[in-house]
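What follows is calculated from the coordinates using simple rules that are stated; it is not laboratory data. Note that the coordinates shown come from a computational prediction; the quantities given were computed from them, not determined experimentally. We place every Cβ from the backbone using ideal geometry, glycine too, and count neighbours over all the protein chains shown.
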Amino acid sequence: MGYRMKRAVCLLLCCTLLISVLPLFPLAKESSQLDSLQAQYDSLQAQQQQVSQQLADTNSKITAEQEKQKLLAEQTQLTTQQIGVLEQKIETINTSISQKQTAMEELGATIETTKTEIEQKKEDASKRCDELMEFLRFSYMENDISVLDLLFGAESFGDFLSAAENVKSVSNYQQQVMEELAAQQRSLTQSQEKLLSQQAELQTLTAQLTQEQSSLETDNALLEQKRDEYNRQMSESEDTEANLLLLKQDLQLHGDEIQTQAGVTESLIQDIIQNAAQNPKPPVESTPEPPSQGEDGNDSSSSGSGSSSEPDPAPPSADDEYDGSFIWPVQSSDMYVSSEYGWRFDNTDFHTGIDVTRNAAMGKPYVASASGTVIYAGWDPNGAAYNGGYGQMIMIDHGDGFVTLYGHSSALYVSVGQQVKQGEVIGAIGETGWAYGPHVHFEIRVNGSTVNPRLYL
């Protein structure tokens, strides 16, 4: 068992020894209180162990989410790099396709020009052929003078030679023209065939590049989908981690509260034993039972007569103690104290009551700790003054100088002058006024001075 548990057991043993050596000492009430406080201490220790296990589990989950985020970040970075490579390839292919298309346009224009030149040469050859045929027909068939007549008609030998040379020249010229035209036509035809072949190759390359481009774009789209999925998982993991960190913070705060309660409980055990050894008369004549285990259970008892709500402040004496019993204002099995009575925050703030709450406390009911008369129900008249941030509050006069206060309520179900019974629902838990988290601030005042409510619960 832990150090604090050992101390509590030792204190209980001391109490037993005191009872054995002081047989006339009236320790019945102290024994009941010790049993109740020891049970509360054991429960707090169990809660602390549970909170520690929850903290360990939460830390493991946080570590797992952080490792997941690290892996997702690496995968996202790798995918982004792959996308960049593909985009560069796509850009290069697009440039090549554009160049091929420009080249095909230029070849197309050249082919069209060559075709036009071929057609023109064909027309020229046909025209030259027609002219030659016309000349021959005119010379040998239709004219009255034949080529021989032209030759023999010369008046001199010089004229004869000149005429013969002219006929030969005409014939050679026509032949030369026809050969030149045929050669040009063949050259143009070869050029056209070569251009058409180049055009076909460019078209094939362009088709291949277009297909490769389409494939790369498909791969790129898949990679972008994968990256989007990684980013979605990263966002979910970050949200999960944030929630786990909030849970961890809440668990740490709850663990601190439990530890504080355990320390207060242990201190109360020691105070009861020391008081019993020093003073045979207990500080409180009757000890009520701790909070019931039922949800919103009721317990009723009578109380004293009403008294003024503003008596002269004076510390309570034994003769002024309330004769009846008080119960916890929150009647639930999951009830716990979030802040104790006394100095807190490094002795910078004195807490004049105890803060009582439960799981999912907002709006849940709380009850009158004892029977009495409602002397105030409304917003704290002191506003934001020190110790005046109670928000919506209720004050009940129980007689014999005892007044209870219930602060930070989200709703009030009673009015001034109303008689209430112990265990009767009077308000709802809230966090109005100066409050952190939903709870009911519970005070017991005796003759105008606050006392530790645990001494009467």
For the pair Thr102 and Leu247, what calculated FRET efficiency results from E = 1/(1 + (r/R0)^6), where r is the Cβ-Cβ distance and R0 = 51 Å, to the nearest 0.05? 0.20
Please report the net charge: other residues with Cβ closer than 12 Å to the Cβ of Glu257, K and R +1, D and E -1. -3
Can you give the local net charge around Glu65? Use residues other than it whose beta-carbon is closer than 9 angstrom to its beta-carbon, Lys and Arg +1, Asp and Glu -1. -1
Skipping prolines and chain starts, which residues have an amide H placed within reach, meaning under 5 Å, of the one on Gly437, given they are 5 or more residues away or on another chain? none
Taking Cα centroids, how far is the stretch 410-453 from the stretch 229-262 in Å? 32
Counting Lys and Arg as +1 and Asp and Glu as -1, what is the net charge of the other residues whose Cβ lies under 11 Å from the Cβ of Asp355? -3
Full-extension gain in nm, Glu179 to Asp256, via 0.36 nm per residue minus C-alpha separation: 16.4 nm
Of the listed peptides 109-121, 252-264, 340-352, what is their order by residue-averaged count of other C-beta atoms within 10 Å, with the highest listed first? 252-264, 109-121, 340-352
Given an 8 Å cut-off on Cα distances and at least 6 residues of separation, report the relative contact order of the stretch 360-457 as a percent. 33
Pairs Lys68/Lys248; Lys70/Lys248; Lys121/Lys194; Lys100/Lys194; Lys61/Lys364; Lys89/Lys194: which are spaced more than 23 Å apart, C-alpha to C-alpha? Lys61/Lys364; Lys89/Lys194
Can you sort Tyr376, Tyr230 by how many other beta carbons sit within 10 Å, fewest first? Tyr376, Tyr230
